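Okay, structure first, notes after.
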Amino acid sequence: MTKLWGGRFQKTAEQWVDEFGASIAFDQKLVMEDLAGSKAHVKMLQACDILSQEDAELILSGLGILEQKAQAGKLAFSVANEDIHLNLEKFLIDEIGPVGGKLHTARSRNDQVATDMHLYLKNRVQEIIAEVQVFQGAIVEQAETHVETIVPGYTHLQRAQPISFGHHLMTYFWMLERDKERLTESLKRIDMSPLGAGAMSGTTFPIDRELSAELLGFSDVYANSLDAVSDRDFILEFLSNASVLMMHLSRFAEEIILWSSEEFRFIELDDTFSTGSSIMPQKKNPDMAELIRGKTGRVYGNLFSLLTTLKGLPLAYNKDMQEDKEGMFDTVHTLMGALPIFEGMVRTMTVRTDSMEKAVQSDFSNATELADYLAAKGMPFREAHDVTGKLVFLCIQRGYYLKDLPLADLQEVSELIEADIYKTLLPKTAVERRNSLGGTGFEQVKKQLEQAKYLLGQTVQS
């Protein structure tokens, strides 16, 4: 088969070479974006009197037919035509005749593919932002239900201080809010048109790049033709933002996995998001959370892969840049799978408040309350810390917790301790009193929720 670019060639590659060099196996995902770019390009060529109205209408008609076939899954792509661009151009010529060859006037596959990826990523990032928002809504829903549910808070995976479970959940809301902000800000760099940059140096035809950009819904155009065809920063930025987002999901997944274990028993996942064992009938495994945690690595890999591909490339376009797409597609696919699954896990999980209550009654996570109590009565905090530490050691020796020590034993260590200490040591009191801005106190958590719901409402309205 003669290549559309094959005029100066006397030999054709063997099939296995074609297969190695072709990208149609994966860049066919860009079919609708490529058709949209072509339609805008034709309309611009006609507006600039580069194409006649008759030719433009015929080409647009042919592109419309291809669009219908693509939506119906009736386009049979061929490795022989290498990529989505040449496949569609060949289909167009087959559909309307030689005039289809005029479609490629004043453009190159270099600016064409860059345009496709800008269009693709602009749409996908907006969809991902929407999925993040839905996930945030599920977090708010659970957090609002469990403002006064108390759970051990951990540092070093050791019990540290009692906190509101709603407060703990809201931590992930704010992580996701930053993820959403980063993705939203990245749209400024994605929402740019490279179309009309040609292979690298523009074109001799009197085109109107601003018109092409307007027809495609882009808010800006690249000012430099070399930059337009060689820039992949917008993909790197997306992969970087996606990596941070997946890192946040992975951290949350790790806690979901721990909380659902028999050792914690803080939550139970819905059967829909769990699996069983082929040999152990009793098992209920948090496989979806584990998969999300595992898939984080592949998203990181996609970022490092593209960074490595681009690091030594001279301007402008090089075939290496064909490797920019699969990682981008894979990352989009991973996020669009992970986010709704995680949203479902959080929205449907059962919170075992009894296990959480039992946990905070049987530890020393209220020790800081005793130290603060003494400090509030005038004892230097460092001394109060030492006194409390000695009391904790005494409890360990006797098999007690602080709330179980007789008042006489407490006062033997410090006369500042009075009977009101037992109320201070209650987990609910400990949480309720931490009412500093952003703290775990119930009123502060309610304020967080009000702010979160406002932000979600603002995003929906905009």
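Data overview
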{"item": "Selection within region 393-402 - outside any loop (DSSP other than H, G, I, E, B) and surrounded by fewer than 17 Cβ atoms within 10 Å (Cβ to Cβ)", "result": "PHE393, LEU394, ILE396, GLN397, ARG398"}
{"item": "Every residue from region 72-113 that is over 30 Å from SER230 (Cβ atoms) and either without any contact (Cβ under 8 Å) to a residue 24 or more places away in the chain or in contact with a Gly (Cβ under 7 Å, 6 or more places away or on another chain) (or both)", "result": "ALA72, GLY73, LYS74, ALA76, ASP94, GLU95, ILE96, GLY97, PRO98"}
{"item": "Test: residue in region 417-435 that is in contact with a Ser or Thr (Cβ under 7 Å, 6 or more places away or on another chain), over 17 Å from ALA371 (Cβ atoms) and of a type in the set (A, V, I, L, M, F, W, C)", "result": "no"}
{"item": "Which listed residue is modelled with pLDDT of 95 or more, surrounded by fewer than 16 Cβ atoms within 10 Å (Cβ to Cβ), touching a helix residue (DSSP H, G or I) at 6+ places or on another chain (Cβ under 7 Å) and in a helix (DSSP H, G or I), from MET328, MET345, MET336, MET356", "result": "MET336"}
{"item": "Meets criteria (among the polar types (S, T, N, Q) and surrounded by 17 or more Cβ atoms within 10 Å (Cβ to Cβ)) for SER278", "result": "no"}
{"item": "Residue list for region 209-228, filter: assigned to a loop (DSSP other than H, G, I, E, B) and buried (at least 17 other Cβ atoms within 10 Å of the Cβ)", "result": "PHE218, TYR222"}
{"item": "Cβ pairs under 8 Å, 6+ apart, first in region 300-314 and farther than 11 Å from MET328 by Cα and surrounded by 13 or more Cβ atoms within 10 Å (Cβ to Cβ), second at pLDDT 95 or above and among the hydroxyl-bearing types (Ser, Thr, Tyr)", "result": "TYR300/SER243; LEU313/SER230"}
{"item": "Filter result for VAL221 (among the β-branched types (Val, Ile, Thr), more than 30 Å from MET349 (Cα to Cα) and without any contact (Cβ under 8 Å) to a residue 40 or more places away in the chain)", "result": "yes"}
{"item": "HIS85, sole failed condition from (1) surrounded by fewer than 23 Cβ atoms within 10 Å (Cβ to Cβ); (2) not assigned by TED's automatic domain parsing to the domain that holds MET200", "result": "(1)"}
{"item": "Residue satisfying all of: in region 68-117; acidic (Asp, Glu) and outside any helix (DSSP H, G or I); nearest to the chain's Cα centre (by Cα) among these", "result": "ASP83"}
{"item": "Filtered residue count, region 133-162, keeping only those that are β-branched (Val, Ile, Thr) and buried (at least 24 other Cβ atoms within 10 Å of the Cβ)", "result": "3"}
{"item": "Residue pairs meeting the criteria (Cβ under 8 Å; at least 6 apart or on separate chains; first exposed (fewer than 13 other Cβ atoms within 10 Å of the Cβ), in region 45-60; second acidic (Asp, Glu))", "result": "none"}
{"item": "Any hit, region 403-411, residues being small (Gly, Ala, Ser), out of contact with any strand residue (DSSP E or B) (no Cβ under 8 Å at 6 or more places or on another chain) and under 30 Å from ILE256 (Cβ atoms)", "result": "no"}
{"item": "Qualifying residue in region 204-225 (condition: of a type in the set (Lys, Arg), at pLDDT 95 or above and touching a Gly at 6+ places or on another chain (Cβ under 8 Å))", "result": "yes"}
{"item": "Residues of region 155-213 that turn out to be touching a strand residue (DSSP E or B) at 6+ places or on another chain (Cβ under 7 Å), over 22 Å from HIS41 (Cα atoms) and of a type in the set (S, T, N, Q), as a count", "result": "2"}
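The values are calculated or read from the model by the stated rules, or taken from the named source; none is laboratory data. Remember, it's a predicted structure, so these values are computed and weren't measured experimentally. Neighbour counts are summed over all protein chains in view; Cβ atoms, including those assigned to glycine, are modelled from backbone coordinates with ideal geometry.
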